[in-house]
1. All but one of (1) away from chain B (no Cβ under 14 Å); (2) closer than 13 Å to residue A:36 by Cβ; (3) not polar (S, T, N, Q) hold for residue A:101, so report the exception by its number.
2. Select from the stretch A:67-98 the residues that are charged (D, E, K, R) and facing another protein chain (nearest Cβ under 8 Å) and list them in ascending order.
3. Among the residues of the stretch A:68-99 satisfying the criterion of being assigned to a loop (DSSP other than H, G, I, E, B) and under 17 Å from residue B:106 (Cα atoms), which is least open to solvent (accessible area, probe 1.4 Å)?
4. Does the stretch A:16-44 hold any residues that are facing chain B (nearest Cβ under 10 Å) and either more than 14 Å from residue B:43 (Cβ to Cβ) or in contact with a strand residue (DSSP E or B) (Cβ under 6 Å, 6 or more places away or on another chain) (or both), and which are they?
5. Looking at the stretch B:70-91, is at least one residue charged (D, E, K, R), farther than 13 Å from residue B:21 by Cβ, open to solvent by 30 Å² or more (accessible area, probe 1.4 Å) and touching a strand residue (DSSP E or B) at 6+ places or on another chain (Cβ under 9 Å)?
6. Any residue in the stretch A:15-39 that's touching a residue at least 60 places away in the same chain (Cβ under 8 Å) and more than 27 Å from residue B:89 (Cβ to Cβ): show its pairings with residues that are of a type outside the set (Ser, Thr, Tyr) and surrounded by fewer than 17 Cβ atoms within 10 Å (Cβ to Cβ) at Cβ separation under 6 Å, as long as the two are six or more apart or on different chains.
7. Tell me, please, whether a residue that is buried (at least 21 other Cβ atoms within 10 Å of the Cβ), part of a strand (DSSP E or B) and hydroxyl-bearing (Ser, Thr, Tyr) can be found in the stretch A:27-39.
8. Given (1) hydrophobic (A, V, I, L, M, F, W, C); (2) open to solvent by less than 50 Å² (accessible area, probe 1.4 Å); (3) in a loop (DSSP other than H, G, I, E, B), identify the lone condition not met by residue A:51.
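The values are calculated or read from the model by the stated rules, or taken from the named source; none is laboratory data. Source: prediction; values computed, not measured. With ideal geometry, Cβ positions are generated from the backbone for all residues, glycine too; neighbour counts draw on all protein chains shown. Heavy atoms of the whole protein, side chains included, go into the accessibility calculation; ligands, DNA and RNA do not. Shrake-Rupley method; radii C 1.70, N 1.55, O 1.52, S 1.80 Å.
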Amino acid sequence: GQSLEQPSEVTAVEGAIVQINCTYQTSGFYGLSWYQQHDGGAPTFLSYNALDGLEETGRFSSFLSRSDSYGYLLLQELQMKDSASYFCAVNRDDKIIFGKGTRLHILP
Amino acid sequence: DAGVIQSPRHEVTEMGQEVTLRCKPISGHDYLFWYRQTMMRGLELLIYFNNNVPIDDSGMPEDRFSAKMPNASFSTLKIQPSEPRDSAVYFCASSLVGQAGDEQFFGPGTRLTVL
């Protein structure tokens, strides 16, 4: 079968660093994507990892370990505008499967 | 480009009525996806098209749901008859080539409420 697990909620303080974890189990795995969705908005693409290691894009970084079927999204220098839901998504050979999302709460 | 366009943005209907959701993908994108989002089930892929041809409809919940893509710039998702459990936000997304890692661009969604 297939599964995607990520925490339902995470809380962090403005200016701090937060890590959102994602574990997966699937066949035909190609890579892991991350999407951000603000309340009432549409998902928007953040990053994609096909190979093991860390990919950095500004304040956001994404990591993948294929051997551990594990990845994470790292958000640094948190800003209030980062309050949103974050979805990991398994890219298979036939489709993308989204996790249920992690709601990130940021405290001032 | 205006991005992916969906209409209507909100739809309230009564149980048993037919509902049609519309989507215009980004010009030049070969892939079009229909998703449904609920709190309980998250973001579910319903069906996707490649060059107007349905490729995978395994996510379509039942025969009450149907989707078409008559040309490269238009797709519809129809629910007939609608039921209260169909209440959700329906997103349309498009991508350039549909390969793993290819960014999907989502429309603003249609919030459907079935009473």
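1. The number of the failed condition is (1).
2. A:92, A:93, A:94, A:95
3. Selected residue: A:99.
4. Once the filter is applied, which keeps residues that are facing chain B (nearest Cβ under 10 Å) and either more than 14 Å from residue B:43 (Cβ to Cβ) or in contact with a strand residue (DSSP E or B) (Cβ under 6 Å, 6 or more places away or on another chain) (or both), the stretch A:16-44 yields A:28, A:29, A:30, A:31, A:32, A:33, A:35, A:37, A:40, A:42, A:43, A:44.
5. Scanning the stretch B:70-91, I find at least one residue that is charged (D, E, K, R), farther than 13 Å from residue B:21 by Cβ, open to solvent by 30 Å² or more (accessible area, probe 1.4 Å) and touching a strand residue (DSSP E or B) at 6+ places or on another chain (Cβ under 9 Å), so the answer is yes.
6. Once the first residue is touching a residue at least 60 places away in the same chain (Cβ under 8 Å) and more than 27 Å from residue B:89 (Cβ to Cβ) and sits in the stretch A:15-39, its partners that are of a type outside the set (Ser, Thr, Tyr) and surrounded by fewer than 17 Cβ atoms within 10 Å (Cβ to Cβ) give A:17/A:76; A:28/A:92; A:28/A:93.
7. yes
8. The failed condition is (2).
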